[in-house]
Amino acid sequence: MKLSDLALSRHTVKAFDPTRTVPQADIDELLALLRYSPSSVNSQPWHFVVAATDAGKARLASAAQGPFAYNQPKILNASHVIVLCARSEMPESQLQALLDQEERDGRFQMPDARANQHKGRTSFVDLHRYQQKDLQHWMEKQVYLALGTLLLGAATLGVEATPMEGFDFRTLDDELGLRESGYTSLVLVSLGYHAEADFNARLPKSRLPADTVFSYV
Ligand SMILES: Cc1cc2nc3c(=O)[nH]c(=O)nc-3n(C[C@H](O)[C@H](O)[C@H](O)COP(=O)(O)O)c2cc1C
C-alpha cells in the first residue's frame, strides 16, 4: 500500500475493542520509532511511559475525569497507552549525557568533534533559553515530531491509535511523579484496534483542499 493511502485510511479511534491486544513485536517496533525519532541538535528532550496492564492504564485514566471524561474509555479499553513527556528543563547533565552517548556510538571521529558538538548544541539551547525564551516550547516541539512518527508508524503496522491532549496534565504528572524527574506530560497515545462502536471508522476523512494547503515558489 502507498504511504499516502495509509495516511488517508488511518483514523483517530474513538472506541477501542477491549478484547484485542497489540502484539509485543509491533509495540517494540513503535517504541523503536519513538527512540529513533529526530530532534533538533539531537536533544532528545523526551521520556515515554508505556502502560500495558489494566493497572497501568487505570493510573493514566485518573487524569481523564470531569471535562476529560470523554477520553477515559479510550485509555481503559486500548491495548497499550503511551504518555509522551517533555523535559521541563535542559540541564548541563543532560547535555553531557547526550555527548557521552554520541561518543559511545562513535560519532566523534575528529579531535575537536566532541567539543564542537557541545558548543553547537549549547548555543542552540541557550538561544531558546535566553533569547527566544521558548526553551520549554522548543523541547515540546521535538516531542510532537515523535508523535507524528508514532502515528504514521502505527498505521504502517495496522495498529490503530488515538492521540489525546484532553487530560489533566497536573493529575497525570503527579500520578507518575514526572515533575520530580524533570518531565511533564504532553500527549497520550492509545494503541489498539477499533470497536464496532467507533463512529469515526465509518466517517470519511476531512482535510482542507490541497490548493489551499500548498503553494509553490
Ligand atoms: C495533538 C493531538 C491531540 C488530540 N487530542 C484528542 C483528544 O483528546 N481526544 C480525541 O478523541 N481526539 C484527539 N485528537 C484527534 C484529532 O481530533 C484528529 O486527529 C483529527 O480530527 C483528524 O482526524 P483523524 O486523526 O481521524 O485523521 C488529537 C489529535 C492530535 C494530533
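With the helix formula -39500 (n - 2.57) applied to DSSP H stretches of n ≥ 4, the chain reaches a computed 222 nm mean residue ellipticity of -13000 deg cm²/dmol. Applying the criteria of a DSSP loop state and at most 14 other Cβ atoms within 10 Å to the trypsin sites (Lys or Arg not before Pro) of region 70-167 yields 107, 133. Among 162, 171, 19, 53, the sequence by solvent-accessible area, most first, with a 1.4 Å probe is 19, 53, 171, 162. Once all protein chains are placed together, residue 212 keeps about 90 Å² accessible to a 1.4 angstrom probe. Accessible area ranking (1.4 Å probe, heavy atoms, ligands and nucleic acids excluded), largest first, for 102, 175, 196: 196, 175, 102. The share of Cα pairs per 10 Å bin across region 138-214, counted from zero up to the longest distance, runs 15, 34, 35, 14, 2 percent.
Ignoring ligands, DNA and RNA, what percent of the accessible area of region 1-140 is carbon or sulfur (1.4 Å)?
53
If the segment from residue 101 to residue 24 were pulled out straight at 0.36 nm per residue, it would be longer than the present Cα-Cα gap by 25.0 nm.
Cross-linked pairs 57/133; 14/133; 74/133; 119/141; 141/205; 133/205: Cα-Cα separations exceed 30 Å for 57/133; 14/133; 74/133; 133/205.
As a size descriptor, the averaged projected area of the C-alpha convex hull of the chain was calculated at 15.6 nm². Each Cα pair under 8 Å and six or more residues apart adds its separation to the average, and for the chain the resulting relative contact order is 38 percent.
Using the 1.4 Å probe convention, the accessible area of region 69-120 works out to 55 Å² per residue with neighbouring protein chains retained.
The values are calculated or read from the model by the stated rules, or taken from the named source; none is laboratory data. For clarity, every value in this text was computed on a predicted model and none was experimentally measured. Backbone-built Cβ (ideal geometry, glycine too); neighbour counts: all protein chains shown. Please note that ligands, DNA and RNA were not included when accessible areas were found on the heavy atoms of the full protein model with its side chains. Shrake-Rupley method; radii C 1.70, N 1.55, O 1.52, S 1.80 Å.
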